[in-house]
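Chemist: Got a structure for you, questions after.
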Amino acid sequence: MALTGVAIFKLLPKTNCKKCGFPTCLAFAMKLAQRQTELDLCPDVSDEAKAQLGEASAPPIRPITLGAGDKAVKMGEETVMFRHEKKFVNPCALAVEIKDTEDEAAASEKVQAVLDSEINRVGQFLRVDAIVLSNDSGDAGKLEALAKLVAGKAPDVPVIISTADAQAGEAALKSFEGKKPVLYGATADNLDAMAAAAKAAGATLGIKAGSPDELSELTEKAKAQGVEDIVMDSGARKAGEIIRDNTLIRRAALKKSFKPLGYPTITFAVREDSLLEALVVATGIAKYSSIIVLSSIEKWKNLALFTLRQNIYTDPQVPMQVEQKVYDIGEPAKNAPLLITTNFSLTYFIVSGEVENSRIPTRLAVMDCEGLSVLTAWAAGKFTATKIAQFIKESGVEDNIEHRELIIPGYVAILSGAIEDKLEGWKITVGPREANALPAFLKSREAA
Ligand code: SF4
């Protein structure tokens, strides 16, 4: 269990030197007990105290990496129950299941679908992150063959090998040496052998139990065998059970500092009905699953789940924003249209996407409004005539164009007169209110 603030205080130098940024050692100790600061900030703490405090300063949910290289996925390290308290740290991994009973063509198709799943949404690359290789056949040879196929076709994609047979797991793991896979399927019946296999291969051990209580007993046993990296499956399959168990597990780890449940979780959402499966996956995304296993990949499902995951794992205290500047879309000539909008990422990517759709080279002036959308920025006094005029003048865009026309978003049509007053010699044109009307708007100007 974690140390209290007073117990931590007793181990600190007690000089109140303030080098850690806190006024006293006691204040630092209290924050450390709440895991709101790092022990490393105190340069004078003794090695002996460091060793004792290591547990107290360790993250309540162990950080674990699934896979290696650019596509590796970080899990754990969460510190809050609710996103608005601070932020959720590591987005959950979506993994698609391939059974070793599927024929080679079907398995290859699924691997390809994983490779093709990546999309760029508001500047972030989102994808199905991992593949689960399920030993449904119970045949070690079939699992090994599937492992070779996946390792050959998608060497960079993280994998989870699911089997109750430690020897079969051991053979399959050989295809993923150094790639930090998960060996999933350890239970009360096979824990020793599975733990040994995972440890020997440098893999994370996936433990499955019938309840959080049983899970905590099994993680303790695995730890006693020297296994540090664990992912946990409480056995919950129904959406309600997933919410209940995941909440209980996170609360135990964060609020009670209960180390046996301080590991990332894996949730199996596999369903025959795709829509139902998407809903169960969404439950896991919202409520604390670190890895969620799906049966199939479909574009509509990906888009919905990627968007939900991105929204939940966006830091609510940091608006998503892009750099203030004038962006060239295509290769705009000196007489190309000049549009203006704010630097909220979503606004920028939607507007620039629609301008690209129009295939008309355009300049897009993106003004720093602290990541607010057009209407919000206007209402907050950050997207005003004075500020727009100042930005346009300071941007240097006047040197690159031979006209003096600025197209403003339709939602702030009210600003057109005031901007014309501030930007001498400029004509202000009111564009459409919605970005999806931009292609038609730009094309109609070309035709005129
Ligand atoms: Fe105390 Fe260390 Fe902070 Fe100095 S740096 S006030 S010794 S906790």
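Chemist: Would any residue of the stretch 157-178 have its amide N under 16 Å from a label point 7 Å out along Cα→Cβ of A196? List them or say none.
Modeler: Within reach of a label on A196, which here means backbone N under 16 Å from a point 7 Å along Cα→Cβ, the stretch 157-178 contributes 165-171.
Chemist: Please report, in cubic angstrom per residue, the volume enclosed by the convex hull of the alpha-carbon atoms of the chain.
Modeler: 184
Chemist: Let me ask something else about it. Ignoring ligands, DNA and RNA, what percent of the 1.4 Å accessible area of the stretch 64-312 is carbon and sulfur? Intermediate values should be presented prior to the final figure.
Modeler: Working: 5270 of 10310 Å².
Whole-percent figure for carbon plus sulfur exposure: 51.
Chemist: With θ set to phi - 60° and the Karplus curve 6.51 cos²θ - 1.76 cosθ + 1.60, what are the ³J(HN,Hα) couplings of the stretch 336-342 in order, to the nearest whole Hz, using x for Gly and Pro?
Modeler: For the stretch 336-342, the Karplus curve yields 5, x, 10, 10, 10, 8, 9 Hz.
Chemist: Got a sec? What order do S295, S134 fall in by accessible area at 1.4 Å, biggest, i.e. largest, first?
Modeler: From most accessible down to least: S295, S134.
Chemist: Separate question: Evaluate the stretch 5-57: find the radius of gyration of its Cα atoms, find its Kirkwood radius, and give the ratio Rg to Rh. Don't jump to the answer; show the numbers that get you there.
Modeler: Values: Rg = 9.4 Å, Rh = 10.5 Å.
Ratio of gyration radius to Kirkwood radius: 0.89.
Chemist: In addition: What is the calculated FRET efficiency for D103 to L346, with r their C-beta to C-beta distance and R₀ = 51 Å, to the nearest 0.05?
Modeler: 0.75
Chemist: How much of the DSSP bridge set in the stretch 325-447 is antiparallel, in percent, rounded to the nearest 5?
Modeler: Numbers: 5 of 15 bridges.
Within the stretch 325-447, antiparallel bridges account for around 35 percent of the total.
Chemist: Still on this structure: Counting DSSP beta bridges with both partners in the chain, what percentage is antiparallel, nearest 5?
Modeler: Counting only bridges with both partners in the chain, antiparallel ones make up about 25 percent.
Chemist: Can you compute 3J(HN,Hα) from phi for each residue in the stretch 100-107, using the Karplus curve 6.51 cos²θ - 1.76 cosθ + 1.60 with θ = phi - 60°, rounded to whole Hz and x for Gly and Pro?
Modeler: Each residue's phi maps through the Karplus curve to give 6, 8, 6, 6, 4, 5, 5, 5 Hz.
Chemist: H84: accessible area at probe 1.4 Å, nearest 10 Å²?
Modeler: So the heavy atoms of H84 present about 140 Å² to solvent.
Chemist: Continuing with the same structure: Could you please state, rounded to a whole Å, how far the C-alpha centre of the stretch 295-320 is from the C-alpha centre of the stretch 183-209?
Modeler: Computed from Cα coordinates, the inter-centre distance equals 31 Å.
Chemist: A188 to R359: extension gain in nm, 0.36 nm per residue of separation minus the Cα-Cα distance?
Modeler: Extra length available between A188 and R359 comes to 55.5 nm.
Chemist: What is the angle, in °, between the Cα long axis of helix 140-153 and the longest principal axis of the Cα atoms in the chain? Nearest 10 is fine, range 0 to 90.
Modeler: 30
Chemist: What 222 nm value per residue comes from the helices of the chain, counting each DSSP H run with n ≥ 4 as -39,500 (n - 2.57) and dividing by all residues, nearest 500 deg cm²/dmol?
Modeler: The helix contribution divided over the chain gives -12000 deg cm²/dmol.
Chemist: Using a simple spin-label model with points 7 Å from Cα along the Cα→Cβ vector, what separation in nm is obtained for D213 and A380?
Modeler: 4.9
Chemist: I would also like to ask the following. I need two numbers for the stretch 325-447: Rg to one decimal and Dmax as a whole number, Cα atoms only, in Å.
Modeler: So, for the stretch 325-447, Rg and Dmax equal 13.0, 37 Å respectively.
Chemist: Quick one: compute a quarter of the convex hull surface over the Cα atoms of the stretch 48-157 and quote it in nm². Present the calculation step by step, with values, prior to reporting the outcome.
Modeler: Details: hull surface 42.0 nm².
The Cα convex hull of the stretch 48-157, projected and averaged over all directions, gives 10.5 nm².
Chemist: For K299 and S416 in one chain, what is 0.36 nm times their gap in residues minus the Cα-Cα distance, to one decimal in nm?
Modeler: Here the segment from K299 to S416 would lengthen by 38.0 nm.
Chemist: Take the alpha carbon atoms of the stretch 344-387, find their center, do the same for the stretch 19-84, and report the distance between the two centers in whole angstrom.
Modeler: So the two Cα centres are separated by 39 Å.
Chemist: Please give the residues of the stretch 39-76, grouped as numeric ranges, whose backbone N is less than 19 Å from a label point set 7 Å along the Cα-to-Cβ vector of N16.
Modeler: Those under the cut-off are 42-45.
Chemist: For the stretch 180-285, what does the relative contact order come out to in percent, with C-alpha contacts under 8 Å and a separation of six or more?
Modeler: 22
Chemist: Suppose R0 equals 45 Å. What FRET efficiency, 1/(1 + (r/R0)^6) with r the Cβ-Cβ distance, do E424 and N120 give to the nearest 0.05?
Modeler: 0.70
Chemist: What angle do you read, to the nearest 10 degrees and between 0 and 90, between the alpha-carbon axis of helix 438-447 and the longest principal axis of the chain?
Modeler: In the chain, helix 438-447 runs at an angle near 30 degrees to the longest axis.
Chemist: Here is a follow-up. Quick one: if you stick a label point 7 Å off each Cα along the C-beta vector at T24 and K255, how many nm between them?
Modeler: Using points 7 Å along Cα→Cβ, the separation is 2.9 nm.
Chemist: Taking the 0 to 90 degree range and rounding to the nearest ten, how far is the long axis of helix 299-312 tilted relative to the main principal axis of the chain, both from C-alpha atoms?
Modeler: 90
Chemist: Something else about it: If I stretch the segment between R445 and A333 completely, what's the gain in nm (0.36 nm per residue apart, minus their alpha carbon distance), one decimal?
Modeler: 38.8 nm
Chemist: Tell me the per residue accessible area of the chain using a 1.4 Å probe; a whole number in Å² is fine.
Modeler: 47
The values are calculated or read from the model by the stated rules, or taken from the named source; none is laboratory data. Quantities reported herein were computed from a predicted structural model and do not represent experimental measurements. Here Cβ is always computed from backbone atoms with ideal geometry, including for glycine, and neighbour counts include all displayed protein chains. The accessibility values were calculated without ligands, DNA or RNA, using every heavy atom of the protein model including side chains. Shrake-Rupley method; radii C 1.70, N 1.55, O 1.52, S 1.80 Å.
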